[in-house]
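Q: A single structure is presented below for examination.
The values are calculated or read from the model by the stated rules, or taken from the named source; none is laboratory data. Bear in mind the structure is a predicted one, so any value in this text is a computation, not a measurement. Glycine also receives a Cβ, built like all others from the backbone with ideal geometry; neighbour counts cover every protein chain displayed. These accessible areas exclude ligands, DNA and RNA; they are computed on the full protein's heavy atoms, side chains included. Shrake-Rupley method; radii C 1.70, N 1.55, O 1.52, S 1.80 Å.
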Amino acid sequence: MSACLALFVILPTNLLQELPLSLNLAISAFGALAYALYRASLRGVHAMKAFCGCLGLLLNFSWFMNAGSEGSISMFMFAGVLVLNIFFRGRTRWLFLAIFLVNGLGLLWAERAFPNLVVPYAHAGDRPWDLMAGFVVSTFACVLVLRVVLTAYDRERERLGAMNARLEQTLAEIRTLQGLLPICSWCKKIRDDAGLWTQVEQYLVQHADVAFTHGMCPECARDHFSKEQDRAPE
């Protein structure tokens with residue numbers, strides 16, 4: 001996003017306004033660097049601190065190259081605040097915000113103390129066009145940054161919703177028997193929480209998601225049919 005805005009929106013606008021060549025070179029370098037950082041992020045290397053540092057340097061340089069407080073650079077500061085709040089956490093976020101505030105106040109002070117550092121507009125009618133272009137671009141940048149965050153948030157909510165649905169389905173299908181079950185040593189009945197003795201089959205049907213079908217194990221089949229054959233008449 002930053003590379004596209006810098007190279008295909010801000011740079012052509014500056015060329016139309018005949019802003020200093022050094023400013024356009026700085027914007028071109030920033031756009032190329034932003035694209036390189038984007039390519040690195042595809043490989044799992046995320047350098048947000050380096051990106052924010054380069055963005056801060058560009059804004060500071062552009063402040064003096066683009067009419068100072070009378071220009072449109074102050075509008076782009078809001079996009080910088082969004083980036084700092086979204087992509088950093090904890091002390092790092094507050095440290096960068098403090099640096100951002102001190103830096104902004106320092107720019108205003110430097111402009112007042114050294115007015116000769118500010119490059120004015122080349123033409124008297126350039127300021128309204130610059131402010132309109134800055135307003136549009138900065139608004140678009142803020143919307144895109146928020147859109148990235150909201151898209152990631154919605155995707156995470158969908159993932160968590162799917163996980164919760166699978167978990168609830170699993171819990172509904174699986175009823176786990178836990179603890180010690182009192183069982184009779186002779187008849188193999190199980191005593192439930194109410195003190196009643198029930199057959200193993202009935203207890204499992206009531207407390208687990210199982211059903212029984214009938215069969216015969218080899219030992220019982222051998223014992224049963226061997227006895228029947230012994231009693232059979234000649």
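Q: May I have the convex hull volume per residue, in Å³, for the Cα set of the range 127-218?
A: Dividing the Cα hull volume of the range 127-218 by its residues yields 176 Å³.
Q: Arrange the peptides 61-71, 119-129 so that the one whose residues have, on average, the most other Cβ atoms within 10 Å appears first.
A: 61-71, 119-129
Q: Still on this structure, I have one more. Based on the Cβ-Cβ distance of Val210 and Ser185, what FRET efficiency does E = 1/(1 + (r/R0)^6) give at R0 = 35 Å, to the nearest 0.05?
A: It comes to 0.90.
Q: Quick one: length gained pulling His123 to Tyr153 fully straight, 0.36 nm per residue minus the C-alpha distance?
A: Answer, rounded to one decimal: 6.3 nm.
Q: Hey, another quick one. Putting +1 on Lys and Arg Cβ atoms and -1 on Asp and Glu Cβ atoms, find which of Val136, Val119, Asn103 reaches farthest to the positive end of the dipole of the range 103-187.
A: Positive-most Cα among the choices belongs to Asn103.
Q: Set the Förster distance to 25 Å, then compute FRET efficiency between Phe8 and Ser41 from the Cβ-Cβ distance, nearest 0.05.
A: Efficiency for this residue pair is about 0.80.
Q: With a 1.4 Å probe and all protein chains left in place, how much of the accessible area of the chain comes from carbon and sulfur atoms, in whole percent?
A: The C+S portion of the solvent-accessible surface of the chain is 65 percent.
Q: Per residue, how many Å² of accessible area does the chain show with a 1.4 Å probe?
A: Each residue of the chain exposes 71 Å² on average to a 1.4 Å probe.
Q: Work out from phi, with θ = phi - 60° and the Karplus expression 6.51 cos²θ - 1.76 cosθ + 1.60, the ³J(HN,Hα) of each residue of the range 74-91, listed in order in whole Hz, and give x for Gly and Pro.
A: Those phi angles translate into 4, 5, 6, 5, 5, 5, x, 4, 4, 4, 5, 6, 7, 9, 10, 10, x, 5 Hz.
Q: Of the listed values (i) 13.4; (ii) 12.4; (iii) 25.6, identify the label whose number matches mean projected area of the Cα convex hull in nm² calculated from this model.
A: The calculated read-out lines up with (iii).
Q: Could you state the per residue volume, in Å³, of the convex hull enclosing the Cα atoms of the range 14-147?
A: So the per-residue hull volume is 105 Å³.
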